[in-house]
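This report concerns only the one structure given below.
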Amino acid sequence: MNHFYRDSEENWWFTTVGKCNKQRQIAVSDSMLEALKRWRKYLGLSALPSPADLPPILPKAKGQGGIGSTTYIRKIVQSCFDRAVNNLNKDGPHRRSRIFNGSYSSLAKAYRHLRRCKT
């Protein structure tokens with residue numbers, strides 16, 4: 001998890017490789033930082049990452065290393081969307097349609113772009 005770092009102004013950032021293999025820095029919100037702390041504690045790690053951290057963000061369920069398959073990660077994201085839709089069904093079809101369709105179309109657009117960059 002050495003892709004997370006804190007700058008001189010105490011802001012947290014995540015470094016990742018994005019579309020077309022371009023490196024990006026993404027600001028980590030306070031709520032995301034709290035979720036990261038909970039995740040790290042669940043994994044038995046210290047609350048905050050350090051530059052020396054080697055564990056992957058998404059470890060394999062079996063074996064060593066991190067999840068490297070975009071297909072597997074997509075299934076995880078799809079499962080989250082499915083659960084969100086089930087929860088939004090309780091709030092009514094208008095709200096479900098507005099939130100879910102926008103989120104899914106953004107995800108699909110990014111996925112299609114990524115696929116084009118690989119070819």
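The values are calculated or read from the model by the stated rules, or taken from the named source; none is laboratory data. Owing to the predicted nature of the structure, the values given are computational and were not obtained by experimental measurement. Every residue, glycine among them, receives a Cβ derived from its backbone with ideal geometry; neighbour counts consider all protein chains shown.
Inside segment 7-32, residues that are in contact with a Leu (Cβ under 8 Å, 6 or more places away or on another chain) and without any contact (Cβ under 8 Å) to a residue 24 or more places away in the chain make up a count of 1.
Here is a yes/no grid of residues against (1) at negative phi; (2) surrounded by 10 or more Cβ atoms within 10 Å (Cβ to Cβ); (3) in contact with a Phe, Trp or Tyr (Cβ under 9 Å, 6 or more places away or on another chain):
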| residue | (1), (2), (3) |
| --- | --- |
| 3 | yes, yes, yes |
| 11 | yes, yes, no |
| 14 | yes, yes, yes |
| 21 | no, no, no |
| 29 | yes, yes, yes |
| 37 | yes, yes, no |
| 53 | yes, yes, yes |
| 56 | yes, yes, no |
| 64 | yes, no, no |
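Summed over segment 5-19, residues that are over 17 Å from residue 68 (Cα atoms) and out of contact with any Ser or Thr (no Cβ under 8 Å at 6 or more places or on another chain) total 9.
Out of curiosity, is residue 20 modelled with pLDDT under 90, of a type outside the set (S, T, N, Q), in a helix (DSSP H, G or I) and in contact with a Cys (Cβ under 9 Å, 6 or more places away or on another chain)? When the stated conditions are applied, residue 20 passes them.
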